[in-house]
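Bear in mind that the values in this text are calculations on the coordinates, not laboratory data. These numbers were taken from a predicted model, which means no experiment stands behind them. Every residue, glycine among them, receives a Cβ derived from its backbone with ideal geometry; neighbour counts consider all protein chains shown.
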Amino acid sequence: MDKGGRTQKFQGFLRGIALPLLALICWGLATTQGFGGGILPTPKDVVTAFGRLLATKELQTHIQISLFRIGQGFFLATGLAIPIGILVASFPRFGQTVLPTLEFLRQIPPVAWIPVFILVLGIGEATKLAVIIYAAFFPILVNTILGMTQIDHRFWEVARLLQFSRRETLRELILPAAAPSLIAGLRLGLSNSWRALVAAEMLAAFSGLGYMIMAARSLVRMDEMFIGIAVIGVLGLLFDWGWKVLEKHLLCWQNRSCDR
Amino acid sequence: MRNTSCVGKTAHVIGKEPGFVEVINVGKRFGMGTRVLEALTDLDLIIPAGDFVTIIGQSGCGKTTLLRLIAGLDHPSEGQIKVGGKLVQGTGWDRGMIFQEPRLFPWATVAHNVDLGLPDRGQDQQADQDRVMALLRLVGLEDFAIAYPGELSGGMAQRVALARALAGSPKVLLLDEPLGALDAVTRMRMQNELLRIWQTRALTMVAVTHDLDEAILLSTQIVVLSERPGTVRRVIPVDLPYPRDRTTLEFNVFRQELVGMLA
């Protein structure tokens, strides 16, 4: 990158960090000057609590549990949604059979199912897994179908002329051609299920970041609640950044940036 | 100039020869909502193996439809098509096709695109790679093996498409205006390349073009289709020796006669 580009990037970074910094200052001023009614913790309280949660490994444990859940659920949702999406796009009759039902289910936020899941699946891991799968499934499905239907019909003719097998069609045509849409769907699915998981952990769990916030609430530990909230946000950002890196690498052919 | 059908340089060939194309009483209709579009009707054409045939005719007269039927991408509504004596019922390795656009997979490198054209790919990686490189050398693009299609010019991309089509060792190569989108200089270079490849391989070429000069320059026979619904209006053998030069008197006399016939 040339010098001008780097300066511009740095300036962009400064602009992006300005608002959080301002909020931090306002928060610090407000709480130390007696606003906030004595309930709101000071920045210092939160930092101290952060150190304590790290030292007791409490935070790490909750993070680990939430990440494990999301990993498991997201993997299963992907394994379900992509094949079903490909089938829906490939076989119109199958699509006509399942799409109306799926469209109906898609309207319901996964959180609405939590009471039902709790009654049917109990308060164990199954409920959380079900919520994650539900939340991740639809964005992945919709974008898989979109990606499939957007494949240039002329490429299908090439596949026919080159006598592609089913496997070759999937590997050489469908997956790479639908990749931009697929990645968009996966990205959306992950952030959807991350948010839904936290909700599920608040209502039906004894571990995980959502539970940590609820536990802090019952102890009126506002400082720990803030830490839970911040960690959820930061991890969500990290996921998104991961997708961006993956996208840049996998779709390098789109902007001529492939490493060679 | 005579107006006899199928008198090319190899009119003696028999129907079982791999590159021999027979179009027998073919009609093709497309349903367009409640309307029916008749694209081709009563079309009979015999293309001897090893000939270079160009198909000319007005826009929308069914030239492309005819190529697609021979390729097996579409099926005739009536009649039948045989290649090498065998009924065409779908696409096959005995026929390759290139289009006006290169239709390369933009996510795959040039080498990978050509590799996808190999009939028995994946058995021996090294052999595949050698064959791909030989094909890229044939079209003069061996230095671009790891480039992506988006990095190529139109002419280069079309040469990759040619290499990919040749990878299947077709007996018949169908060309749907593959040079139509190229600039004049690139186009002339590609015409020579097509001729060179045709002359060094046992290949029947069937090309659609709008360019009369190109038709005269390349082909052993020119097939003129009628207006829609398309049928063969006449088959004109081109009796000029190769290599042809569009600046010679003979070329231009032929051109004059051809224009007179089409008017």
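For chain B, hydrophobic long helices are taken as DSSP H runs at least 15 Å long by C-alpha position along their axis with mean Kyte-Doolittle hydropathy of 0.0 or more; these are B:154-167, B:249-262.
Decide, for segment A:157-260, between rounded, prolate and oblate: order the square roots of the alpha carbon gyration tensor eigenvalues as a ≥ b ≥ c, take rounded if a/c falls under 1.5, and otherwise choose prolate if a/b is larger than b/c, else oblate. In terms of gyration-tensor shape, prolate. Rounded to the nearest 20 debye, the dipole magnitude of chain A is 480 debye, with +1 charges on Lys and Arg beta carbons, -1 on Asp and Glu beta carbons, and the Cα centre as origin. Straight-line reach from B:Lys86: taking Cα to Cα under 28 Å and skipping same-chain neighbours fewer than 8 places apart, the lysines in range are B:Lys9, B:Lys16, B:Lys28, B:Lys63, B:Lys171.
For the pair B:Asp183 and A:Leu250, a Förster radius of 45 Å applied to the C-beta separation gives a FRET efficiency near 0.85, rounded to the nearest 0.05. Would you work out which of A:Leu235, A:Val46, A:Ala216 lies farthest towards the positive end of the dipole of chain A? Charges go on Cβ: Lys and Arg +1, Asp and Glu -1. Sorting the options by dipole projection puts first A:Leu235. Which shape class applies to chain A: rounded if a/c is under 1.5, otherwise prolate when a/b exceeds b/c and oblate if not, where a ≥ b ≥ c are the square roots of the Cα gyration tensor eigenvalues? Oblate is the answer for chain A, as a/c is 1.5 or above yet b/c matches or exceeds a/b.
Residues in segment A:39-75 near a label at A:Val120, defined as backbone nitrogen under 19 Å from the 7 Å Cα→Cβ point? Residues A:73-74 qualify, since their backbone N sits under 19 Å from the label point. Dipole magnitude for segment A:45-126: about 140 debye, using +1 per Lys or Arg Cβ and -1 per Asp or Glu Cβ, origin at the Cα centre.
Listed by chain and number, the aspartates and glutamates whose alpha-carbon sits under 12 Å from that of A:Lys128, ignoring those within fewer than 8 places in the same chain, are A:Glu201. Among the chymotrypsin sites (Phe, Trp or Tyr not before Pro) found in segment B:82-134, not one is both in a DSSP coil and sparsely packed, with 11 or fewer other Cβ atoms within 10 Å of its Cβ. Simple rule: put +1 on each Lys or Arg Cβ and -1 on each Asp or Glu Cβ in segment B:95-169, find the dipole, and look at B:Leu138, B:Phe99, B:Gly155; the Cα lying farthest toward the positive end is B:Phe99. Can you tell me the FRET efficiency between A:Arg52 and A:Arg6 if r is taken as the Cβ-Cβ distance and R0 is 41 Å, rounded to the nearest 0.05? With a Förster radius of 41 Å, E is 0.55. Expressed to the nearest 5 percent, the antiparallel share of DSSP beta bridges inside chain B is 55 percent. Counting, for every residue in B:99-107, the Cβ atoms of other protein chains within 10 Å of its Cβ and taking the mean gives 5.
Less than 5 angstrom separates the built amide H of B:Ile236 from those of B:Ile222, B:Val223, B:Val224, all sequence-distant by 5 or more or on a different chain.
Restricting to DSSP loop positions (anything but H, G, I, E, B) with no more than 11 other Cβ atoms inside 10 Å of their own Cβ, which chymotrypsin sites (Phe, Trp or Tyr not before Pro) remain in segment A:173-236? Qualifying residues, ordered by number: A:Phe206.
Annotation: lysines with alpha-carbon distance below 23 angstrom to A:Lys248 (same-chain offsets under eight excluded): A:Lys3, A:Lys9. Which of rounded, prolate, oblate describes segment B:59-211, given a ≥ b ≥ c as roots of the alpha-carbon gyration tensor eigenvalues and a/c under 1.5 marking rounded, otherwise prolate only if a/b is larger than b/c? Oblate, because a/c is 1.5 or more while a/b does not exceed b/c.
By the beta-carbon count within 10 Å of each Cβ, the least crowded to most crowded order of B:Arg164, B:Arg35, B:Arg103, fewest first, is B:Arg35, B:Arg103, B:Arg164. Using the Cβ-Cβ distance between A:Lys44 and A:Phe239 with R0 set to 35 Å, the FRET efficiency works out to roughly 0.75.
Spin-label model, A:Leu99/B:Asn252: points 7 Å from Cα along the beta carbon direction are separated by 6.1 nm. Counting only other chain Cβ atoms within 10 Å of each residue's Cβ, the peptide B:81-91 averages 1. Taking the Cα centroid of segment A:215-255 and of segment A:119-185, what is the distance between the two, rounded to the nearest whole Å? Each part's Cα centre sits 24 Å from the other's.
Angle of helix A:222-250 to the longest C-alpha principal axis of chain A, folded into 0 to 90 degrees and rounded to 10: 30°. Only helical runs count toward this figure. For chain A, summing -39,500 (n - 2.57) over DSSP H runs of n ≥ 4 and dividing by all residues gives -27000 deg cm²/dmol at 222 nm. Think of chain B as a dipole: +1 on every Lys or Arg Cβ, -1 on every Asp or Glu Cβ, centred on the Cα centre; then among B:Leu249, B:Ala108, B:Leu166, B:Leu249 lies furthest on the positive end.
Put simply, the convex hull of the Cα atoms in chain B casts, on average, a shadow of 14.8 nm².
For segment B:95-169, the spread of Cα positions along the three principal axes, ordered from largest to smallest, is 31, 27, 22 Å.
Against chain A, whose longest principal axis comes from its Cα atoms, helix A:43-55 is set at around 70 degrees.
For chain A, the relative contact order is 22 percent, taking Cα pairs closer than 8 Å that sit 6 or more residues apart in sequence and dividing their mean separation by the residue count. Charge dipole of segment B:156-248 (Cα centre as origin; +1 on each Lys and Arg Cβ, -1 on each Asp and Glu Cβ, all else neutral): 300 debye, rounded to the nearest 20. Neighbouring Cβ atoms from other chains, within 10 Å of the Cβ of residues in A:158-169, number 5 on average. The angle separating the long axis of helix A:92-106 from the principal Cα axis of greatest extent in chain A is about 10 degrees.
Sorting A:Ile65, B:Ile56 by the number of Cβ atoms found within 10 Å of their own Cβ, with the fewest placed first, yields A:Ile65, B:Ile56. Of the residues B:Glu214, B:Glu177, the one with the fewest other Cβ atoms within 10 Å heads the list, and the complete ranking is B:Glu177, B:Glu214.
Between B:Glu38 and B:Arg196, with labels modelled 7 Å along Cα→Cβ, what's the label distance in nm to one decimal, could you check? If labels sit at B:Glu38 and B:Arg196, their model points lie 4.6 nm apart.
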